[in-house]
1. Subtract the Cα-Cα distance of Ala15 and Phe65 from 0.36 nm times their separation in residues, and report this length gain in nm to one decimal.
2. Under a 5 Å amide H to amide H cut-off, with H placed in plane at 1.01 Å, what residues pair with Ala50 once short-range neighbours are removed?
3. Quick check for you: with a 1.4 Å probe and neighbouring chains kept, what is the accessible area per residue of the chain, in Å²?
4. So what J values fall out for the stretch 43-56 if you push phi through Karplus, 6.51 cos²θ - 1.76 cosθ + 1.60 with θ = phi - 60°, rounded to Hz, Gly and Pro as x?
5. For the chain, build the charge dipole from Cβ charges (+1 Lys, Arg; -1 Asp, Glu) around the Cα centre, then report which of Gly55, Ala26, Asn13 sits farthest towards its positive end.
6. Do you know the relative contact order of the chain, to the nearest whole percent, from alpha carbon pairs under 8 angstrom that are 6+ apart?
Amino acid sequence: MDATVVYTLAPSNIARSAQMSGSASAIAETNKNKKYECLVERGYTFQAVAFEAQGRAGLETEKFFDDLR
């Protein structure tokens, strides 16, 4: 597991965040998945966890925590 919190109002995120809620956390999840892809290919289990500073969780993150219940 690798977790991150992204700031939706950062210059690199604000345009996409203004158009679609959750876009910053979705991009963060995608980036984490790419970073650890080589471990998954070797048979390890990996979970990206991403939240936006204003509270929104990424879709993968929401599913992960729902599955834990």
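The values are calculated or read from the model by the stated rules, or taken from the named source; none is laboratory data. Only a predicted model underlies this, so the values are computations on that prediction, with no experimental measurement involved. Heads up, the Cβs are rebuilt from the backbone with ideal geometry, glycines too, and the neighbour counts pull from every protein chain shown. Accessible surface areas use protein heavy atoms only, side chains included; no ligands, DNA or RNA. Shrake-Rupley method; radii C 1.70, N 1.55, O 1.52, S 1.80 Å.
1. Numbers: separation 50, 0.36 × 50 = 18.00 nm, distance 2.80 nm.
Contour length minus the Cα-Cα distance gives 15.2 nm.
2. Long-range HN contacts for Ala50: Thr4, Gly58, Thr61.
3. On the way: 4830 Å² over 69 residues.
For the chain, the solvent-accessible area averages 70 Å² per residue.
4. With the stated coefficients, the stretch 43-56 comes to x, 7, 9, 9, 10, 7, 10, 9, 10, 8, 4, 7, x, 6 Hz.
5. Toward the positive end, the furthest listed residue is Asn13.
6. Numbers: 86 pairs, mean separation 26.8, N = 69.
That works out to 39 percent.
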